[in-house]
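The values are calculated or read from the model by the stated rules, or taken from the named source; none is laboratory data. Only a predicted model underlies this, so the values are computations on that prediction, with no experimental measurement involved. No Cβ is skipped: glycine too gets one built from the backbone with ideal geometry, and neighbour counts run over all protein chains shown. Side chains included, ligands, DNA and RNA excluded: accessible areas come from the protein's heavy atoms. Shrake-Rupley method; radii C 1.70, N 1.55, O 1.52, S 1.80 Å.
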Amino acid sequence: MQILFSTEIQAACPRLCVATLEATVRNTAYDEALWQQIRAEEDELKSRFTPDSLKSRSGIAATRAVYRALGKDPSRYRPSNEALVRRFLQGKTLYQISTLVDVNNLASIKWAYSIGGFDRDKIEGDTLTLGVGRAGDPYEGIGRGPINIESLPVYRDAKGGIGTPTSDNERTKIGLDTTHVYFTINGYDGDEVATRGCAEELRQLLIRYCDSDGGELKLWHAIPTD
């Protein structure tokens, strides 16, 4: 799998660094040890942030800035890395979906990065292009129905859009039968060290909770640094 970047994304976020992780896994409905780790991370973040101060986290601030640069209101179409943490800061329960999705969410709330998680076997082709949503683009968000992705950053495979920071697409979502995953860790803040760190932690979580082989990790830049 390779990642390409549109000229619109390059212009809006020239420092963008994306880590990708492809791995074989085993999914389960629930893992209590994982949820103990998630609850501990929730408590840590509650002690450090409020719904307002949360926006200052580097990964969240940078994602919101890209939304604004592309003409999208980040408070109306909240990026998932912000929405997840805001949820428990407001006293609500973090969603429990499946172990693979819960692992994804743990890495996202800890590192403040938007992470796209896909069933690799449902992706059409061997190339993903990160571009910008257009008016009228069909897109069914997971558990949300049709959503307007105009002016959102969007990953497209050979068939169409599969992932935005606000919501991934039903077509390529991870299920209990998923055995082959592909993650995109989106460092809109351009911090290559932290982006890689998030991906490495995600890899270790997959090994610990999802019987993973550890997979293959790669880094991609919107504008090459060489």
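At-a-glance table
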quantity	calculated
Of all residues in region 166-186 being part of a loop (DSSP other than H, G, I, E, B) and of a type in the set (Val, Ile, Thr), the one that is most open to solvent (accessible area, probe 1.4 Å)	Thr179
Candidate set: region 58-96, residues that are in contact (Cβ under 8 Å) with a residue 40 or more places away in the chain, outside any helix (DSSP H, G or I) and out of contact with any helix residue (DSSP H, G or I) (no Cβ under 8 Å at 6 or more places or on another chain); chosen: the one most open to solvent (accessible area, probe 1.4 Å)	Gly71
Given (1) crowded, with 22+ Cβ neighbours inside 10 Å; (2) within 17 Å of the chain's Cα centre (by Cα), number of the condition Ile142 does not satisfy	(1)
Meets criteria (in contact (Cβ under 8 Å) with a residue 40 or more places away in the chain, part of a loop (DSSP other than H, G, I, E, B) and open to solvent by less than 70 Å² (accessible area, probe 1.4 Å)) for Gly197	no
Candidate set: region 34-57, residues that are assigned to a helix (DSSP H, G or I) and of a type in the set (S, T, N, Q); chosen: the one most open to solvent (accessible area, probe 1.4 Å)	Gln36
Residues satisfying the stated conditions in region 97-119, i.e. closer than 16 Å to Glu42 by Cα, open to solvent by less than 10 Å² (accessible area, probe 1.4 Å) and assigned to a helix (DSSP H, G or I)	Asp102, Val103, Leu106, Ala107, Ser108, Ile109
Every pair of residues 6+ apart whose Cβ atoms lie under 6 Å, when the first sits in region 1-16 and is under 12 Å from Tyr188 (Cα atoms) while the second is in a helix (DSSP H, G or I)	Ala12/Val66; Ala12/Ala69; Ala12/Leu70; Cys13/Val66
